[in-house]
1. Taking the condition touching a residue at least 40 places away in the same chain (Cβ under 8 Å), out of contact with any Cys (no Cβ under 6 Å at 6 or more places or on another chain) and either basic (Lys, Arg) or not assigned by the TED database to the domain that holds Gly62 (or both), does Lys94 pass?
2. Condition first: in contact with a His (Cβ under 8 Å, 6 or more places away or on another chain) and in a loop (DSSP other than H, G, I, E, B). Can you find one or more residues in region 137-157 that meet it?
3. Do we have Ala153 as open to solvent by 30 Å² or more (accessible area, probe 1.4 Å), at negative phi, modelled with pLDDT of 90 or more and of a type in the set (A, V, I, L, M) here?
4. Need pairs with beta-carbon distance below 6 Å; first residue under 13 Å from Ser33 (Cβ atoms) and within region 149-168, second assigned to a loop (DSSP other than H, G, I, E, B) and open to solvent by 30 Å² or more (accessible area, probe 1.4 Å); sequence gap 6+ or separate chains.
5. State all residues of region 113-171 that are closer than 22 Å to Lys207 by Cα and aromatic (Phe, Trp, Tyr); if no residue qualifies, say none.
6. Return the only residue of Leu98, Leu117 being open to solvent by less than 20 Å² (accessible area, probe 1.4 Å) and out of contact with any helix residue (DSSP H, G or I) (no Cβ under 6 Å at 6 or more places or on another chain).
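The values are calculated or read from the model by the stated rules, or taken from the named source; none is laboratory data. No experiment lies behind these values; they were computed from the predicted model shown. Here Cβ is always computed from backbone atoms with ideal geometry, including for glycine, and neighbour counts include all displayed protein chains. Just the protein is used for accessible areas: all its heavy atoms, side chains included, with ligands, DNA and RNA removed. Shrake-Rupley method; radii C 1.70, N 1.55, O 1.52, S 1.80 Å.
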Amino acid sequence: MSPEIVNGIFVVVGAFIGVIGTAIVTKKNKDISKITIFRSSSSRLLDVEDMAKSDIEIKYKGKIVSELFHGEVAIQNSGTEHLEQVEVTIIPGKNSPLFDVEISSTNFFNDLETLKLEKSDTGEVKVYVDFLNSNDRLIVSYRSSGDEKPIVACRKLGVDVELKDEAVNWVPDIYAKLLFDIFDQVPYMQWYFKRNSKPYKLYLEAKEKREKD
């Protein structure tokens with residue numbers, strides 16, 4: 001087979017893969033309304049050894065605690081449509097009341113007028129967001145006196161809500177996920193990038209872990 005024919009085959013195959021990729025991206029980018037909420041595991045900040053618990057009393061925010069934990073909840077518009085009037089409720093565990101709840105970071109300018117955080121007498125925390133553009137995300141940090149992760153609830157008409165238990169520091173970018181989804185559907189690209197792309201390997205490992213859980 002002549003080099004010209006081989007090159008022609010590669011050009012045709014490359015164009016075919018490009019058409020498939022474009023079609024997949026176009027399909028996935030079509031009117032997707034979705035919120036993804038990530039809930040991290042609680043990390044221990046303070047602990048009193050059993051032998052000393054009877055002799056030491058520690059107060060935090062006026063309440064006696066023997067342990068103190070830190071956790072985070074990330075809220076991300078993982079669709080392609082902007083969302084308005086988003087409301088997320090964070091409900092503490094029975095023995096893990098929440099302290100120092102705050103919006104710790106956003107990937108957009110926070111003017112403190114479009115975001116609100118309110119704590120009720122029951123200990124529940126409500127996060128109100130006027131609007132989220134595609135790929136906007138915010139992180140809510142909290143401290144608690146127990147390691148029980150809070151329940152996070154969100155329900156909005158016409159919006160798909162996905163809840164994930166995983167580290168908040170790695171909130172997958174919507175465009176990276178679209179690209180990885182293309183790799184999943186084109187065997188050759190999946191085979192190549194699985195062997196040569198570390199981010200794609202991490203994506204596959206995280207995906208496999210979620211499916212097992």
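1. Working: touching a residue at least 40 places away in the same chain (Cβ under 8 Å): yes; out of contact with any Cys (no Cβ under 6 Å at 6 or more places or on another chain): yes; either basic (Lys, Arg) or not assigned by the TED database to the domain that holds Gly62 (or both): yes.
So Lys94 passes the test.
2. Taking every residue of region 137-157 in turn, none turns out to be in contact with a His (Cβ under 8 Å, 6 or more places away or on another chain) and in a loop (DSSP other than H, G, I, E, B).
3. The answer is yes for Ala153.
4. If the second residue must be assigned to a loop (DSSP other than H, G, I, E, B) and open to solvent by 30 Å² or more (accessible area, probe 1.4 Å), the pairs left are Gly158/Ser33; Val159/Ser33.
5. Matches in region 113-171: Trp170 only.
6. After ruling out the rest, the residue left standing is Leu98.
Residues are listed down the side, and each one gets a yes or a no for (1) within 22 Å of Glu166 (Cα to Cα); (2) polar (S, T, N, Q):
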{"site": "Gly71", "(1), (2)": "yes, no"}
{"site": "Gly93", "(1), (2)": "yes, no"}
{"site": "Pro97", "(1), (2)": "yes, no"}
{"site": "Phe109", "(1), (2)": "no, no"}
{"site": "Glu113", "(1), (2)": "no, no"}
{"site": "Leu117", "(1), (2)": "no, no"}
{"site": "Glu124", "(1), (2)": "yes, no"}
{"site": "Asn135", "(1), (2)": "yes, yes"}
{"site": "Ser141", "(1), (2)": "yes, yes"}
